[in-house]
């Protein structure tokens, strides 16, 4: 069983998500994303490696260790009200912290991770699970999070590469997007859903999108919620 997955994002009118590039600058709506996160019910949330790296406090982990660790979930905490989950298929993030905003970090890894990286995660008190041998199996990751931590509902909060991967895998149940009255207008700017060149031609298996609610917010922002049915 997988958690109910809600992709929650703020975006410009042209679907871009890097707010520092939006114009007019006064329409970036600071704090809106977090407020809507709470209105959605809060709880556990998931980000990709690029977004996760923004929270990292350490430069790197040691290159070597004498320890060997089994490729099974290692969970520093099982009793948290919410978890901050990060995808890190390449094992690149040295966290230097155990939580983000009080939510314990859980990293999703592949089995090819080095022993030294696992030692660094354990030293930081960062929990981890394995989902795939060389590439991440996103569906398996969700099932493990549900089984090991009891997560029944999860907010997917980007960036665009991770959002796009879950979309193409048919794993997103709902899209929540606040459209702010601003534009980016530049080629190559990150968008709500994105892809690499290798999977740019892969279509998402969406059979239908049903409008659940729409709300006009302060300053002319519009909050849309859609229920997805995947084939």
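No lab work stands behind these numbers, since they all come straight from the coordinates. Predicted model only: the values in this text are computed from it and were never measured. Cβ coordinates were reconstructed from backbone atoms using ideal geometry, including for glycine residues, and neighbour counts include every protein chain displayed.
Odds and ends about this structure:
- Using a cutoff of 8 angstrom between alpha carbon atoms and counting only pairs six or more residues apart, the relative contact order for the chain works out to 29 percent.
- Estimated FRET transfer efficiency when R0 is 25 angstrom, pair residue 68-residue 135 (beta carbons, to 0.05): 0.65
- Antiparallel %, DSSP beta bridges [both residues in the stretch 45-150], to 5: 20
- Coordinate range along principal axes, alpha carbons of the chain, Å, largest first: 57, 38, 37
- Using alpha carbons only: equivalent-ellipsoid semi-axes of the stretch 7-53, gyration tensor based, whole Å: 20, 15, 9
- Among 71, 23, 153, residue whose mean-square fluctuation peaks in a GNM of the chain (springs only between Cα atoms under 10 Å): 23
- DSSP beta bridge pairing in the chain, given as percent antiparallel to the nearest 5: 45
- Efficiency of FRET from Cβ geometry, residue 215 and residue 25, R₀ 22 Å, rounded to 0.05: 0.40
- FRET efficiency for residue 79 and residue 199, using Cβ-Cβ distance with R0 set to 41 Å, rounded to 0.05: 0.65
- Fewest-first sequence of 187, 57, 2 by Cβ atoms within 10 Å of each Cβ: 187, 57, 2
- Each of 13, 107 was scored by other Cβ atoms within 10 Å of its Cβ. Listed from fewest to most, they are 13, 107.
- Each of residue 222 and residue 35 was given a label point 7 Å from its Cα along the Cα-to-Cβ line. The distance between the two points is 1.9 nm.
- Among 127, 195, 186, residue whose mean-square fluctuation peaks in a GNM of the chain (springs only between Cα atoms under 10 Å): 186
- Residue with peak Gaussian network fluctuation, the chain [Cα springs, cutoff 10 Å], from 141, 68, 56: 68
- Counting only Cα atoms, the size of the stretch 45-150 along its three principal axes is 33, 29, 24 Å, in decreasing order.
- Residues 37, 117 arranged by fewest to most Cβ contacts within 10 Å: 37, 117
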